[in-house]
1. Does any residue of the stretch 277-294 turn out to be among the basic types (Lys, Arg), exposed (fewer than 12 other Cβ atoms within 10 Å of the Cβ) and farther than 30 Å from Gly146 by Cβ?
2. Restricting to the stretch 220-258, name every residue that is β-branched (Val, Ile, Thr) and over 17 Å from Leu79 (Cβ atoms).
3. Restricting the stretch 275-300 to residues that are part of a helix (DSSP H, G or I), touching a helix residue (DSSP H, G or I) at 6+ places or on another chain (Cβ under 7 Å) and over 19 Å from Ala255 (Cβ atoms), which is modelled with the lowest pLDDT?
4. Looking at the stretch 178-185, can you tell me whether even one residue there is in contact (Cβ under 8 Å) with a residue 40 or more places away in the chain and β-branched (Val, Ile, Thr)?
5. Just to verify a result, which residue in the stretch 68-94, among those that are within 30 Å of Leu152 (Cα to Cα) and hydroxyl-bearing (Ser, Thr, Tyr), is surrounded by the fewest Cβ atoms within 10 Å (Cβ to Cβ)?
6. Taking the stated definitions as given, is Arg268 out of contact with any Pro (no Cβ under 7 Å at 6 or more places or on another chain) and either assigned to a helix (DSSP H, G or I) or at negative phi (or both)?
7. Pairs under 7 Å by beta carbon, first residue free of Cβ contacts under 8 Å to residues at least 60 places away in the same chain and closer than 14 Å to Tyr207 by Cβ in the stretch 263-279, partner of a type in the set (D, E, K, R) and assigned to a helix (DSSP H, G or I), six or more apart or different chains?
8. Take the residues of the stretch 153-177 that are buried (at least 21 other Cβ atoms within 10 Å of the Cβ) and hydrophobic (A, V, I, L, M, F, W, C): which is nearest to Ala117 (Cα to Cα)?
Amino acid sequence: MSTTTLPPETTTPRPKPPLRPRLVRWGITAAVVIPFLWAALGIDISLDRLLTAPVDMWNRVVRQMFPPDLSAEAIERALPSITESLWMAWIGTMIGAFFSFFLAFAAATNVTPIWMANGVRQILNAIRAVPEIILAMVLIPVSGLGPWTGTLALGLHSIGTLGKLSSEVIEGIDDGPVEAVAATGGTKLQQMRFGIVPQVMPTIVAYWLYRFEINIRASAVLGIIGAGGVGAELQAQLRFRDFPRAATVLFLTIAVVLLIDTISARVRRRIISGHAEEGPIAQLMGMKWWQRILAIAGVVILLAVTFFILYQYQQGLDPA
């Protein structure tokens, strides 16, 4: 019987990994790490300060806020300021939504000539580049101290942000409906009205609601410079080192912001998805038994705290 001898295996060297991806990764890492270290040195961050910061924050601020001042006078002072912040955020959002809707079409390259779109975009970029608090400081000599100045600052900044986001939505539309309207003899205005607006409105409205959430947080900061809102009340309590009352203002503000964020997020999901979500009762029945107990307990506690705050507020309005 003859045997066949197999040829020896030829070992080929493993190819080296390409150099370019490694250089890109190292370049991105350097572009992140070097500015971070440079910035840390520029603002005088040290390891000792980082390690002691949580303890200092707890001893000097957080521990002194407990228990918060839930007296009728404290709640009676805090709630009107929080309500004022909400009205500022709502009106500012309406101002930004109205003007940004028209500017978005002018900034979209698939609707207007490129020279006009670029010009409007630069205007929107310039508006968005200035923070709300700087806008408020510029408007104070014109409109004076108070919530109207903060509302105008929020509205102007919202125009820049919403205009940019809305123009990008318009540029991403399907051209089919627009071409169909044009084929039936529709004018340019009719093409936008019946071909573009129905496509972009759900996303644009969702952006409006998201901007409303942002404006609520921004309105709390504007009060620090006298532009209305809850920031003025919080600054007053911290200035006099009344930390329990400052905690009351802070916690009430956080509670209101979380509530509005939850409702707004649900509405945005409903608009974008196009179908209704399960109601709270259906979600509660779909939970496990221990989750259901925790949810019911949380709702009961929330209602109890809400009724207590409203009762204290009523007592503050009518001390007699």
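1. Within the stretch 277-294, one or more residues are among the basic types (Lys, Arg), exposed (fewer than 12 other Cβ atoms within 10 Å of the Cβ) and farther than 30 Å from Gly146 by Cβ.
2. Answer for the stretch 220-258, where residues must be β-branched (Val, Ile, Thr) and over 17 Å from Leu79 (Cβ atoms): Val221, Ile224, Ile225.
3. That would be Leu284.
4. Checked against the condition, which is being in contact (Cβ under 8 Å) with a residue 40 or more places away in the chain and β-branched (Val, Ile, Thr), the stretch 178-185 yields no hits at all.
5. In this case the residue turns out to be Thr83.
6. Taking the combined requirement at face value, the residue satisfies it.
7. Ser264/Glu213
8. Ile170
The values are calculated or read from the model by the stated rules, or taken from the named source; none is laboratory data. What you are looking at is a predicted structure, and each value in this text was computed from that prediction instead of being measured. Cβ: placed from backbone, ideal geometry, glycine included. Neighbour counts: every protein chain shown.
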